[in-house]
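The numbers here are math on the coordinates, done by the rules we state, and not lab data. Note that this is a predicted model, so its numbers are computed, not measured. Cβ placement follows ideal geometry from the backbone for every residue including glycine, while neighbour counts extend to all protein chains displayed.
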Amino acid sequence: MVKCMDKLKNWFIVDAHSDYGLKIYSDYLNKKENSLKEHLNSLRIGNIRLEALTIGGDFDLFPNMNIREYKTIDNVIKCIISEIKVNSSETLLIKNEGDLKEILKSKKVGFILALEGAGPIGKNLSNLFKLRKLGLRSLMLTHNEKNQFADGCMVKEPKGLTKLGKTLIEELNNLGIIIDVSHLSEPSFWDLLKTCEKPIIASHSNSKTICNHPRNLTDEQIEAIANTGGVIGINFFSKFLRQDFHKSSINDVLKHINYMIDLVGIDHVGLGPDFLDYCIEDLLKLNPQLSVSNKKQFFPEGLENVESIPRLVISLKESNFSNRDIEKILGLNFIRVYEKIIREN
């Protein structure tokens, strides 16, 4: 892997979806400080230069926090920002175009703060403005559930955006906050498209044609995202790659990449791995049908964590992708959208 990194050290890789933000706060509550430093070491090995750290989402993996409360979201963000400051010689919180430009030309690792599930904002959107001031720059309306804004992808008989949800979309456009449609139900997705004026992303979603899972996107949704100028980040989680997920491999990731490129072109595909290697034991507790010996069933063998990303790069090169196309998939496509939406303060 070291030799791989020597060859690939010039690639600028974006991880468009990481739950490690929750891990940082969980460690803080457990009196373990500066867990970002440990994560940074892994990001360096994987050559990740920019990562979207999510707040919210998989709260069930961290029972020591109530992620549904606004106060918790506020605390998680402040904790992450504190650790970024502690590691300021190596890291930078991305708040504006200038920060993006600095990351592109420096050797620092950039972080974008992303809220996964807007429920904790409440019905008073003044909380959104507070989060934006702190540094929030990306937002998913829902996780899997229904909230005051929209329905998530696991809701039975889902509906579209609520009136408050439509107002939220308008405010996100005004504030220069990226809108992420991963986890959103189809009716809410199509309502959002009618309201949104900017490119949108699906930070960690795959093709439903290849793998028929509620978390994945139909061809029509993929095309709609591309038509906004947006990007879909390929998710490495095995259950979203193929129906018989225990057989997943790097080739399945390539299959989703190739399918989307054939459908909408090279400019609309990126990486949103959704790695959870740091809490596999908790995942096993929540999935008792899997044994400890089958940890690899969560992710393809050889693509289990951020340190393994170079293996995918090698596979892309072996699949005869041009260097320019690989650069787009690895990060430039997401950078294009980030630059367009994230404005100067």
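What order do you get for 11-17, 173-179, 119-125 when each peptide is scored by the mean count of other beta carbon atoms within 10 Å, highest first?
Packing order, densest peptide first, comes out as 11-17, 173-179, 119-125.
What order do you get for Ser89, Ser18 when you list them from fewest to most C-beta neighbours inside 10 Å? Spell out each step's value before the answer.
Values: Ser89 6, Ser18 26.
By the 10 Å Cβ count, ascending, the order reads Ser89, Ser18.
Assuming R0 = 56 Å, can you tell me the calculated FRET efficiency for the pair Glu90 and His246, based on Cβ-Cβ distance, to the nearest 0.05?
0.90
Report the label-to-label distance for Lys105 and Met154 in nanometres (one decimal), using points 7 Å from each Cα along the Cα→Cβ vector.
Going by the 7 Å Cα→Cβ label model, 4.5 nm.
How high is the relative contact order of the chain, in percent, with contacts defined as C-alpha pairs under 8 Å that are six or more residues apart?
Reported as a whole number, the value is 18 percent.
Mind checking the log10 I(q)/I(0) for the chain at q = 0.10, 0.12 Å⁻¹? Debye, one equal scatterer per Cα, no solvent, two decimals.
For the chain at q = 0.10, 0.12 Å⁻¹, log10 I(q)/I(0) is -0.53, -0.80.
Could you work out the helix-only [θ] at 222 nm for the chain, with each DSSP H run of four or more residues adding -39,500 (n - 2.57) and the total divided by the number of residues, to the nearest 500 deg cm²/dmol?
About -12000 deg cm²/dmol.
Picking from Ser26, Ser126, Ser42, which is most flexible by a Gaussian network model of the chain using Cα springs under 10 Å?
Ser126
How much length, in nm to one decimal, is gained on full extension between Phe12 and Asn124, taken as 0.36 nm per residue of separation minus their Cα-Cα distance?
Value of the extension gain: 36.5 nm.
Distance in nm between label sites at Arg44 and Glu145, each 7 Å beyond Cα in the beta-carbon direction?
The two pseudo-label positions are separated by 3.9 nm.
How many percent of DSSP beta bridges within the chain run antiparallel, rounded to 5?
If I count the DSSP bridges inside the chain, around 5 percent turn out antiparallel.
Could you give the length gained on full extension between Thr218 and Lys32, defined as 0.36 nm per residue of separation minus the Cα-Cα distance, in nm? Intermediate values should be presented prior to the final figure.
On the way: separation 186, 0.36 × 186 = 66.96 nm, distance 4.17 nm.
That works out to 62.8 nm of additional length.
Could you please rank Thr162, Thr54, placing first whichever residue has the fewest other Cβ atoms within 10 Å of its Cβ? Don't skip to the end; give the middle numbers.
Numbers: Thr162 18, Thr54 28.
Placing the least packed residue first, the sequence is Thr162, Thr54.
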